[in-house]
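The values are calculated or read from the model by the stated rules, or taken from the named source; none is laboratory data. These figures come from a predicted structure and were not determined experimentally. Neighbour counts are summed over all protein chains in view; Cβ atoms, including those assigned to glycine, are modelled from backbone coordinates with ideal geometry. Surface areas here come from the heavy atoms of the whole protein model, side chains and all, with no ligands, DNA or RNA. Shrake-Rupley method; radii C 1.70, N 1.55, O 1.52, S 1.80 Å.
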Amino acid sequence: MLNPTRIFAAASIAAMSLFAGSAMADGEKYVIGTDSTYPPFEFVDASGTIQGFDIDITKALCAEMKAECSFVSTDWDGIIPALNAKKFDMIVSSMSITPERLKLVDFSNKYYNTPPAIAVPKDSTITDVAGLKGKVIGAQTSTTHANYAEKHLADTELKLYPTADEYKLDVASGRVDAVIDDVVVLSEWVKSDAGACCKILTTLPVDKEINGNGAGIAIRKGDPLKEKLNTAIAAIRASGEYKKIQDKYFDFDVYGE
């Protein structure tokens with residue numbers, strides 16, 4: 001999702017979420033960076049608390065590792081530089097594991113894997129991908145979805161936005177013809193009141209060079225936390241805790257192949 005050369009900027013959302021328990025009191029303490037503008041994976045609720053699938057999965061992983069974890073909302077553009085500057089210990093923010101990012105950070109094993117998709121207004125005359133030719137497509141800047149559009153939808157005009165919320169407003173108001181993002185993000189949006197304007201046009205074939213091998217947890221190069229996370233991911237999958245969290249948000253297997 002990101003251009004690693006961007007300068008880190010603290011998010012305007014100052015929300016922090018902290019959890020701990022007696023069983024975790026003697027464990028490690030980790031700060032997790034997340035761009036909390038990406039529902040249902042991460043978002044800020046009415047009370048100012050960061051919530052979502054990614055957050056619940058992270059809490060389960062931290063409990064498995066007997067660690068105390070807190071979350072900080074961070075702008076997407078600077079999230080990898082912030083990690084490497086030790087602003088936090090890991091990134092849990094639906095970040096795709098890609099060859100480009102692996103040059104800068106290490107990743108845990110994937111914790112979910114879903115394809116990209118296109119959404120259009122309900123009254124759109126576009127009926128398939130071919131119909132996007134010459135149209136304006138919105139995407140969040142520095143994401144795998146923006147990269148996908150640049151490569152596979154090169155005959156369209158790509159308009160980039162700092163956040164997903166902004167492209168959603170523009171497609172709803174007719175300033176762009178279509179948008180590209182993760183199928184889950186778009187599906188949840190079009191089912192909501194805010195996304196009543198629009199519908200899913202189609203999912204898109206995964207390009208592993210761009211989309212990677214699913215979403216993973218980013219950590220600094222050489223950090224032994226990687227193996228702890230991999231062990232914890234396997235443990236919550238085996239115990240049923242992963243499915244319990246998944247079923248709270250989705251009615252299908254979000255883990256993927």
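Working value for segment 129-172: equivalent-ellipsoid semi-axes of 17, 13, 7 Å, each the square root of 5 times a Cα gyration tensor eigenvalue, largest first.
From its DSSP helices (H runs of at least four residues, each -39,500 (n - 2.57)), the chain gives a residue-normalised ellipticity at 222 nm of -8000 deg cm²/dmol. Give the lysines reachable from Lys29 as a straight Cα distance under 30 Å; neighbours fewer than 8 places away on the same chain don't count. Leaving aside lysines fewer than 8 places away in the same chain, those within reach of Lys29 are Lys59, Lys66, Lys86, Lys87, Lys103, Lys110, Lys221, Lys226, Lys228, Lys243, Lys244, Lys248.
The count of lysine pairs in segment 114-208 whose Cα atoms are under 18 Å apart, excluding pairs fewer than 8 places apart on the same chain, comes to 16.
Each 5 Å bin, from zero up to the one with the longest distance, holds this percent of the alpha carbon pairs of the chain: 1, 6, 13, 18, 19, 17, 12, 7, 4, 1, 0, 0. Each peptide in 174-187, 128-141 gets a packing score, the mean of other Cβ atoms within 10 Å over its residues, and the list from highest to lowest is 174-187, 128-141. When the solvent-accessible area of the chain is split by element, carbon and sulfur atoms take up 52 percent of it, the probe being 1.4 Å.
If you wrap the Cα atoms of segment 55-135 in a convex hull and average its projected area over all directions, you get 8.3 nm².
Across segment 114-208, the fraction of Cα-Cα pairs farther apart than 21 Å, rounded to a whole number, is 18%. Share of pairwise Cα-Cα distances greater than 14 Å in segment 101-151 is 66 percent (whole percent). For the pair segment 56-84 / segment 210-232, the C-alpha centres are spaced 12 Å from each other.
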